[in-house]
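Q: The structure follows.
Only the coordinates and a few stated rules stand behind these numbers; no lab work does. Everything numeric here is computed off the predicted structure, so don't read it as measured data. Note that we place each Cβ from the backbone using ideal geometry, even for glycine, and neighbour counts take in every protein chain shown.
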Amino acid sequence: MSQIRGTLVARDSTVNAAGATPSQVRILPTEPLFPEMGKRRIVNGYIAYWSRNRQTLYEHRLVMENIINRKLSPNEHVHHINGNKMDNNPSNLEVLTNKEHSAKHHPKKEIHPKKCPTCLKIFNPSINKIKYCSSKCACFGRRKVERPSLEDLKILVSQSNRCKVARDFGVSETAVRKWLKVKMYK
Ligand SMILES: [Zn+2]
Ligand SMILES: [Zn+2]
């Protein structure tokens with residue numbers, strides 16, 4: 001990739017003549033590791049040199065190639081262990097495959113089994129955001145009415161009747177029947 005999006009930066013603090021505004025100019029934080037390769041630049045947040053044919057040569061890849069004493073293949077990525085893309089200290093670099101590398105940067109959120117708050121069944125949500133085991137449970141669960149526990153509800157109903165309990169909670173008798181029924185299939 002010879003695409004250059006980074007800021008042009010001189011090796012020392014001298015401003016490059018490329019017309020960069022002061023805010024675009026940053027002083028590179030480290031000493032050049034390959035001074036014979038000329039001026040360094042920041043490309044996509046990485047320190048890079050130009051090759052003779054104007055290709056971008058990333059310093060971290062050059063360091064790694066020196067360590068392993070061979071060329072890196074395009075599928076071999078060099079990862080910055082401490083997250084600082086400009087820290088090209090050999091101890092901060094590791095070779096990863098394309099796949100391993102993207103896994104490091106975009107770790108998949110683990111999805112854990114959940115307890116459905118409506119029916120109390122343990123289920124595996126397809127994504128972490130899902131709270132209820134089914135749309136049916138979600139429908140009951142999202143009611144604003146604070147529901148009693150099943151035990152309490154059974155006691156209340158046995159002490160009076162569903163109709164009275166429904167009135168006490170400000171819901172329909174059908175709702176109370178559903179509360180009792182839904183909770184039963186746990
Ligand atoms: Zn990385
Ligand atoms: Zn449920």
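Q: Looking at (1) in contact with an Asp or Glu (Cβ under 7 Å, 6 or more places away or on another chain); (2) more than 30 Å from Gly45 (Cα to Cα); (3) among the charged types (D, E, K, R), which one does Lys114 not meet, given that it meets all the others?
A: Result: Lys114 fails condition (1) only.
Q: Looking at Lys99, Lys136, which one is basic (Lys, Arg) and near ligand 2 (Cβ under 10 Å from one of its atoms)? Break it down into steps so the answer makes sense when it comes.
A: On the way: Lys99 fails: near ligand 2 (Cβ under 10 Å from one of its atoms).
Of the residues listed, the single one that is basic (Lys, Arg) and near ligand 2 (Cβ under 10 Å from one of its atoms) is Lys136.
Q: Let me ask another. Of the residues in the stretch 48-88, how many are touching a residue at least 40 places away in the same chain (Cβ under 8 Å), away from ligand 1 (no atom under 14 Å from the Cβ) and not hydrophobic (A, V, I, L, M, F, W, C)?
A: The number of residues fulfilling the criteria is 3.
Q: Any idea which of Lys121, Lys99 is of a type outside the set (S, T, N, Q) and away from ligand 1 (no atom under 16 Å from the Cβ)?
A: Just a single option satisfies the conditions, and that option is Lys121.
Q: Also, I was wondering about something else. Considering only the stretch 28-47, how many residues are among the polar types (S, T, N, Q) and either in contact with a Gly (Cβ under 7 Å, 6 or more places away or on another chain) or not in a loop (DSSP other than H, G, I, E, B) (or both)?
A: Counting residues in the stretch 28-47 that are among the polar types (S, T, N, Q) and either in contact with a Gly (Cβ under 7 Å, 6 or more places away or on another chain) or not in a loop (DSSP other than H, G, I, E, B) (or both) gives 1.
Q: So which residues in the stretch 49-75 are within 21 Å of Ser102 (Cβ to Cβ) and crowded, with 18+ Cβ neighbours inside 10 Å, if there are any at all?
A: Thr56, Tyr58, His60, Arg61, Met64, listed by residue number.
Q: Output the residues belonging to the stretch 92-116 that are surrounded by 15 or more Cβ atoms within 10 Å (Cβ to Cβ) and within 30 Å of Arg177 (Cβ to Cβ).
A: Lys114, Cys116
Q: Return the residue satisfying two criteria in turn: it lies in the stretch 54-81 and is polar (S, T, N, Q) and within 17 Å of Asn44 (Cα to Cα), and of such residues it is nearest to the chain's Cα centre (by Cα). Walk me through it before giving the result.
A: First pass over the stretch 54-81, keeping only residues polar (S, T, N, Q): 55-56, 66, 69, 73, 75.
This time we only want the ones that are within 17 Å of Asn44 (Cα to Cα), so: 55-56.
Values: Gln55: 32, Thr56: 29 Å.
For the stretch 54-81, the residue satisfying everything is Thr56.
Q: Glu146 fails exactly one of the following numbered conditions: (1) more than 16 Å from ligand 2 (Cβ to nearest atom); (2) within 29 Å of the chain's Cα centre (by Cα). What is the number of that condition?
A: (2)
Q: Which of the following residues is of a type in the set (Lys, Arg) and more than 16 Å from ligand 2 (Cβ to nearest atom): Lys121, Lys108, Lys115, Lys129?
A: Going through Lys121, Lys108, Lys115, Lys129 in turn, the sole match is Lys108.
Q: Against the definition (surrounded by fewer than 13 Cβ atoms within 10 Å (Cβ to Cβ), of a type in the set (Ser, Thr, Tyr) and in a helix (DSSP H, G or I)), how does Ser158 come out, yes or no? Walk me through how you get there before you give the answer.
A: Details: surrounded by fewer than 13 Cβ atoms within 10 Å (Cβ to Cβ): yes; of a type in the set (Ser, Thr, Tyr): yes; in a helix (DSSP H, G or I): yes.
Judged against the criteria, Ser158 is a match.
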